[in-house]
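Notes to accompany the following structure.
Nothing in this text is a laboratory measurement; each read-out follows from the coordinates by a stated rule. Just so you know, these numbers come straight off a predicted model, no measurement behind them. FYI the Cβ positions are ideal-geometry reconstructions off the backbone, even for glycines, and counts take in every protein chain you see.
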Amino acid sequence: MPKILVHEKALAHLSRGLYRSPASALRELVSNSWDANATEVRIGTNYPLFYQLSVADNGDGFTRKEFEKIMGGGIGNSTKRSETEKLKYGRPVIGRLGIGMLGIAQICGSFIVTSKPRKGQGFRARVKLFDLLREKLDSNDELVIKTEEVDVGEYFWEEYDESSVEYGTSITSEDVHPTFIRSFQNSLKFESFKEPPLDWEKAVKIVSGVHSLQELGDYWRLLWELAASCPVPYISDNVLPNKLIGNINKKLKSYHFRVVIDGIDLKKPVYLKNNPGGYTTYSIEEQSKTIYGKSVDFEGYLLVQEGTQLHPDELRGIMIRVRNIGIGYYDQTMLDYRFNEGPRSRWLTGEIYVNRGLENALNIDRDSFNRFHPEFRYVQEFIHEKLRSKIFAVSYRKIEERSNKKKETVSKTRSAHLKNVISEHTSLKVNFSKTITRDKSHNETKIPSVAIRESKSQEIIVDLPKEDTLKTKKSYRQLAVAILAIFEIALREKELPKKREVFSELLLKLLEEW
Amino acid sequence: MAIDYERDLLKHHVRANAWLPLCQNRLRRIRSNDTLRQKRRLRYFTFCAVGAMDVLMLDVAKVIKPSKAGRFDTVVFFDKTNELVQKTQQRIPGAIGFPGDFVKVVLLDDPDDGIVIAGQDSLLPQTNYDDDHRVRQRQILVAQHQGFIRQFPFDVINLDLEEFLFKPSETLPGRVINAMRRVFEWQGRSFVAPQGGSEQYIDGFSLMFTTRIGPENISAEYLNMLRGYVDENLRQDTTLLPLFQERTGGIDNVATLQQENFELFFLLAMPKVLSSVLIETDWYIDPVSGITIYEFERTTPNVEPYRMLHLVMDVKRQLPIRNYRPPRAGLAPEVQQAYQAVVHQIFTRGEQRVTIENIDRARLQAHLDRIIEQRRLYCPDQDQ
């Protein structure tokens, strides 16, 4: 039976065009460090010049032989670590495509890899990737297209002095692309750019003050996206209301994993507290279901910041993390949620930690999902149901309550204002009566009217009609009643010109603070 | 075995006793010119190496202060490789680090590969070339050159070269001297303090310069140049000859000194090179403090011992600045007098020889420990 084969050129293309942003490429290297039991990953961008990028960890490292194997055809073919394998500190294995190291190729044309493993021979190698690879692939250039494999570059061993190298692996770019440098350098000149503080908590406050990360530029976006997608803890257990991430954060802290970029110790860029309208939250306790014989386990939270748009925009939506690594960023479609929730959808954020499953639903860039994968569908339906029943329904009720409360307050204020206007004119204390009297002459046509009585105790009683008896827009009714009231006051004058004068005067006073 | 520059007590003696007071004085001068509203931080250029000991020493002494965001963004440094720059930036977060060959970036020679990157923004995609490694490298080199110029001026320049100033393979006056010419020219640029305000110019800066004595196979061209400086001094000012003889133990001509005591010859002649480069680029050495020279021997296993020279000086701007002087105006009298004073001082004031016996080891060690402690604040795992 004839076989269906995929040409190696496909893999070669992937080595140059897999990730959609620098943060995504770096995130893959961070995942490698996590799986290598590193407790710290240090990323350097050469801020504010951006002439180089480097990632160094203090993990297990890998040997010269392992490197040879990866470079000699193992890219994209790395032995995936077992999902049940446990790493240091009980970390789950992230696993990878095996192309992570070459992910940096989207940013630079050559780089140096140094690794000192705890067991075995370390090495230092300079990797040079071919220029214009895509063009060469498309033209079937014999330099790169061979019978069985595709050369995407070459590497050279460099002098390796074990005594001067720390345990772990480091990758340092040599040839960062000028477009990357230019873009990052220029973003520091944006009007809204602020120097990122080394204290991440302060940095998160700056980010919360802008509508979009784009206002702050590419460097801030890189920081934020890495912080959002890497398996680092939150700033504290209390960054979200109702202890939403308390348990999750304990787990993250127990993994002992730090990502430090240009001296900034990254934490998740989430800090939502003290919103005047409060929050509607739903904590997703660990869910588990078997789909086609495979377990899908997840937990997380959904949160609506009542009445206030989330800042930055990039925090809106739902972030899915598979084994703690963010897949893409916050999905503003809320996993293709099909209801229009109006402005409320701009108040929603949430994170789903998928502890098992969903890996087969990942697209090759690990930045997105196959939306028709049964495991993804299960998570999606669960979340949509909770959004509908536990989040937006509650949020809608709260909006109504807030709206009613607001209306009541406005109504009371206006009523008091009307009293003041009449009282100032008559020099009498004013009381509104709920007893409805009707002008007998108009009774037949049922036109609501106002009656005014003076009591013995130097008091004026104004009988107002029920607002719903007025046949006009709801929003005009209170004003209509008030105008009728001042009209009646004006009618108390004897002369017509005086009536006109008083009415105009009272009307203008009334409208002054309506 | 590599030299442990950062824990070397002889070198640290120079840091603590020459560099630190010089920088403290410079900061005082800046502050005395500042209005309160415009208080600005010291702008420092260095070849600090990974350990960044000089920067951290100035940080401990509060001569260099990080920004409100915690970044050493008034510190600019060069190192040879990306890896070294990245490691240094871990130790002094926020410092501006240029990876590459300092002299090559400064001089930006015409390319011999025919790649000509034109325009103000060299990082823009090129229309005439493919997106290949050589083109990208050229683009970046041009960008580094332009970017480095934008960092000027500095209040303190620490040219801690740790190598020979005159290389036999180079033609006169040598690439380092030419690089220094450009650097001092760029010191005349205006700048705006990070907190804003109007454009400012510096009226002086402090210069620390380090070089090895030698080399032994220094070319005749260089020797002629160095001899020429001292001969000219002796010719122009007859009062110098007795001083010269006293300093050299009775030798009465420069050629003999060069043959019999090359080290002293180098010590007397080399500072004139610096002084002359400064004068031709619109600066001059402040005669009040003059040039102070520290010398020590560097010994390492399996390597022939060699002698290091550390020169420290304050530099003043010639006034009116060149742009306001007519062509061929010649040197202002105070600049000429300053030059003479500095020459006198070089002939009379001997170098300070730093040996393990004449330094306060305990105090220096404690100071070093304090600096390393400070570094742990920024880079806790530095010693791993």
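Assuming 0.36 nm per residue, please report the length gained on full extension of the stretch A:GLU495 to A:ASN360 beyond their Cα-Cα distance.
Computed gain between A:GLU495 and A:ASN360 is 39.8 nm.
Using helices alone, what [θ] at 222 nm do you get for chain B, with -39,500 (n - 2.57) per DSSP H run of 4 or more residues, divided over all residues and rounded to the nearest 500?
Result for chain B, helices only: -13000 deg cm²/dmol.
Please list, by residue number, every one of the trypsin sites (Lys or Arg not before Pro) in region B:43-136 that is coil in DSSP and has at most 16 other beta-carbon atoms within 10 Å.
Of the trypsin sites (Lys or Arg not before Pro), the ones in loops of region B:43-136 whose Cβ has at most 16 other Cβ atoms within 10 Å are B:LYS62, B:LYS68, B:LYS80.
Roughly how crowded by other chains is peptide B:147-157, in terms of the mean Cβ count from those chains within 10 Å of each of its Cβ atoms?
1
First check a/c for chain B, with a ≥ b ≥ c the square roots of the eigenvalues of its C-alpha gyration tensor; if it is under 1.5, answer rounded, and if not, answer prolate when a/b is larger than b/c or oblate otherwise.
rounded
With only Lys, Arg, Asp and Glu charged, each at its Cβ (+1 for the first two, -1 for the last two), find how big the charge dipole of the protein assembly as shown is about the Cα centre; round to the nearest 20 debye.
5060
Set the Förster distance to 22 Å, then compute FRET efficiency between B:LYS62 and B:GLN352 from the Cβ-Cβ distance, nearest 0.05.
The calculated FRET efficiency here is 0.25.
What is the calculated FRET efficiency for A:VAL394 to A:ARG453, with r their C-beta to C-beta distance and R₀ = 35 Å, to the nearest 0.05?
It comes to 0.15.
Dipole of region A:202-284 (Lys/Arg Cβ +1, Asp/Glu Cβ -1, origin at the Cα centre): which of A:LEU240, A:ALA227, A:LEU216 lies farthest to the positive side?
A:LEU240
Across region A:296-426, how many lysine pairs, 8 or more positions apart or on different chains, have C-alpha atoms separated by under 18 Å? Please give the number.
Working: A:LYS386/A:LYS398; A:LYS390/A:LYS398; A:LYS398/A:LYS406; A:LYS398/A:LYS407.
Pairs that pass both the separation and distance tests number 4.
State, to one decimal in nm, how far the label point of A:LYS119 lies from the label point of B:ARG212, with both points 7 Å from Cα in the Cβ direction.
Roughly 4.4 nm, to one decimal.
Please give the FRET efficiency for A:HIS256 paired with A:SER433, using the beta carbon to beta carbon distance and R0 = 56 Å, rounded to the nearest 0.05.
Numbers: r = 72 Å, r/R0 = 1.29.
E between A:HIS256 and A:SER433, to the nearest 0.05, is 0.20.
Give the lysines reachable from A:LYS128 as a straight Cα distance under 16 Å; neighbours fewer than 8 places away on the same chain don't count.
Cross-link targets: A:LYS136.
Other chains' Cβ within 10 Å of A:175-185 residues: what's the mean? Please report the intermediate quantities before stating the final value.
Numbers: counts 5, 4, 5, 16, 6, 1, 8, 7, 1, 0, 4.
Mean shielding count: 5.
Measure off 7 Å from each Cα along the Cα-to-Cβ vector at A:LYS86 and A:THR426, then give the distance between these two points in nanometres to one decimal.
Going from the A:LYS86 label point to the A:THR426 one covers 8.3 nm.
Could you name the lysines whose alpha carbon sits less than 30 Å from that of B:LYS11, not counting residues in the same chain fewer than 8 places away?
B:LYS62, B:LYS65, B:LYS80, B:LYS87, B:LYS104, B:LYS167, B:LYS272, B:LYS316
Hey, if you drop one equal point scatterer on each alpha-carbon of chain A and run the Debye formula without solvent, what base-10 log of I(q)/I(0) do you get at q = 0.08, 0.09, 0.10 Å⁻¹?
So the normalised log intensities work out to -0.64, -0.73, -0.84.
What residues qualify as long-range amide H neighbours of A:VAL270, i.e. H under 5 Å apart, gap of 5 or more or another chain, H built at 1.01 Å from N?
A:ILE235
If I stretch the segment between B:SER198 and B:LYS39 completely, what's the gain in nm (0.36 nm per residue apart, minus their alpha carbon distance), one decimal?
56.0 nm
Can you find, among B:PHE77, B:PRO111, B:ALA18, the residue farthest towards the positive end of the dipole of region B:1-113? Put +1 on the C-beta of Lys and Arg, -1 on that of Asp and Glu.
In region B:1-113, that residue is B:ALA18.
What length, rounded to one decimal in nm, is gained on full extension from A:LYS471 through to A:TRP514, with 0.36 nm per residue of separation minus their alpha-carbon distance?
Separation in residues times 0.36 nm, less the Cα-Cα distance, equals 13.4 nm.
Tell me the relative contact order for region B:89-181 as a rounded percent, counting alpha carbon contacts under 8 Å between residues six or more apart.
In percent, rounded to a whole number, it is 33.
How big is the charge dipole of region A:313-424 about its Cα centre, in debye rounded to the nearest 20, if each Lys and Arg gets +1 on its Cβ and each Asp and Glu gets -1 on its Cβ?
Computed about the Cα centre, the dipole is about 680 debye.
Please compute, for peptide A:46-59, the average count of beta-carbon atoms on other protein chains lying within 10 Å of each residue's beta-carbon.
Values: counts 8, 8, 6, 11, 1, 10, 10, 2, 7, 1, 4, 0, 2, 0.
Averaged over the peptide's residues, the number is 5.
Non-local amide H neighbours of A:PHE432 (under 5 Å, H modeled in plane, Pro and chain starts lacking H): which ones?
The list, which skips near neighbours in sequence, is A:VAL462.
Among A:ILE70, A:LEU470, A:HIS256, pick out the residue whose Cα is farthest towards the positive end of the charge dipole of chain A, where Lys and Arg carry +1 and Asp and Glu carry -1 on C-beta, about the Cα centre.
Result: A:LEU470, furthest along the dipole toward the positive end.
Please list, in chain and number order, the residues 5+ apart from A:GLN287 or on another chain whose amide H is under 5 Å from its amide H, with Hs placed from the backbone.
A:PHE298, A:GLU299
Need one number: nm distance between label points at A:ASP336 and A:SER288, each 7 Å from Cα along Cα→Cβ, rounded to one decimal.
Label at A:ASP336, label at A:SER288, 2.9 nm between them.
Show that you can apply the helix-only estimate: for chain A, add -39,500 (n - 2.57) for every DSSP H stretch of four or more residues, divide by all residues, and state [θ] at 222 nm to the nearest 500.
Mean residue ellipticity, 222 nm, calculated: -10000 deg cm²/dmol.
What is the magnitude of the charge dipole of chain B about its Cα centre, with +1 placed on the Cβ of each Lys and Arg, -1 on the Cβ of each Asp and Glu, and no other charges, expressed in debye to the nearest 20? The partial results should precede the final answer.
Working: 48 positive and 50 negative charges, 349 e Å.
I would put it at about 1680 debye.
Take the alpha-carbon centre of region B:287-316, take the same for region A:247-274, and report the distance between them in whole Å.
After rounding, the separation between the Cα centres reads 48 Å.
State the antiparallel share, in %, of DSSP beta bridges confined to chain B, rounding to the nearest 5.
The antiparallel proportion sits near 55 percent.
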